[in-house]
1. Do you know which of the residues in the stretch 122-165 that are touching a Phe, Trp or Tyr at 6+ places or on another chain (Cβ under 6 Å) and under 22 Å from Y14 (Cα atoms) is modelled with the highest pLDDT?
2. Tell me, which helices (runs of 4 or more DSSP H) lie completely within the stretch 1-116 with 1 or more residues that are surrounded by 14 or more Cβ atoms within 10 Å (Cβ to Cβ), of a type in the set (D, E) and at negative phi?
3. If N106 satisfies all but one of (1) in contact (Cβ under 8 Å) with a residue 60 or more places away in the chain; (2) under 13 Å from E75 (Cβ atoms), what's the number of the condition it fails?
4. Can you find a residue in the stretch 168-184 that is over 19 Å from T36 (Cα atoms), assigned to a loop (DSSP other than H, G, I, E, B), at pLDDT 95 or above and not acidic (D, E)?
5. Please indicate, with yes or no, whether at least one residue in the stretch 169-185 is within 19 Å of P9 (Cα to Cα) and either surrounded by fewer than 20 Cβ atoms within 10 Å (Cβ to Cβ) or touching a helix residue (DSSP H, G or I) at 6+ places or on another chain (Cβ under 8 Å) (or both).
Amino acid sequence: MVISPEKDPVLTEYGRHAPHYDRRWAFYVDATTQATLKRLGAHPGDRVLDVGCGTGALLKATAMAVPEAELVGVEPSPEMLRIAREKLGTSVDLRQSRAENLPFPNEAFDIIVSTNVLHFLRRPLEVLHEMSRVLRPGGRVVITDWCDDYVMCKIFDLLLRLFNRAHFRTYGQRECHELLEHADFASIQIERYRINWLWGLMTAIGEKHAGQQRAGAKRSESASG
């Protein structure tokens, strides 16, 4: 489903920033990309989905690091997606889609990754359940985002809540752990780190266990009944 930018502040903001996004935020994009790639753990033959892939920076880095991986990206902003397609060509399957409604069958991916998306989500638990649906049992979700445990992130979060309609909220390590637990992920690990003296991030990793497959099947049956 395509959402009109007039009704979605995230689409409005990224449609406006897309042409100069990579240049304007070069340090931040590179730092988050490298930090996430270091923790991604992708191997040849893995099918990897990047949710909210933006201009394709992480997908490009992953393709260079693990060329035998099968890469897929979804992004709601058509302007950002256009740049990703120019950057990646036809080597990566790119689709316009929202994180709440991924256009893939159940258990289609080995790894699902998302960077700098969590703080925009109005319904993060819904998105995590959707990620779990398209993740195979034993597969991993890898999420990198701002960490509210750092003072500057907390200050920016408060300011953006007041002055930026696209921003929703940031999370600390404990809150992020609880979100993943509520989405039934197991073996959760969350690492906090700074990318410079000012800004702190966290990368959360969770594993889908076999029990989630049965729960997901029951939810699907209920919805179709």
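The values are calculated or read from the model by the stated rules, or taken from the named source; none is laboratory data. Every value quoted in this text rests on a predicted model; they were computed, and no experiment measured them. A quick note on method: Cβ atoms are made from the backbone with ideal geometry, for glycine too, and the neighbour counts reach across all protein chains shown.
1. Out of the qualifying residues, it is R122.
2. Working: elements: 9-17, 21-24, 26-40, 57-65, 78-88.
In the stretch 1-116, the matching helices (runs of 4 or more DSSP H) lie at 9-17, 21-24, 26-40, 78-88.
3. (2)
4. Yes: the stretch 168-184 contains one or more residues that are over 19 Å from T36 (Cα atoms), assigned to a loop (DSSP other than H, G, I, E, B), at pLDDT 95 or above and not acidic (D, E).
5. First, pick out the residues of the stretch 169-185 that are within 19 Å of P9 (Cα to Cα): 169-170.
If we keep only those that are either surrounded by fewer than 20 Cβ atoms within 10 Å (Cβ to Cβ) or touching a helix residue (DSSP H, G or I) at 6+ places or on another chain (Cβ under 8 Å) (or both) too, we end up with 169-170.
Yes, there is a match, as at least one residue in the stretch 169-185 is within 19 Å of P9 (Cα to Cα) and either surrounded by fewer than 20 Cβ atoms within 10 Å (Cβ to Cβ) or touching a helix residue (DSSP H, G or I) at 6+ places or on another chain (Cβ under 8 Å) (or both).
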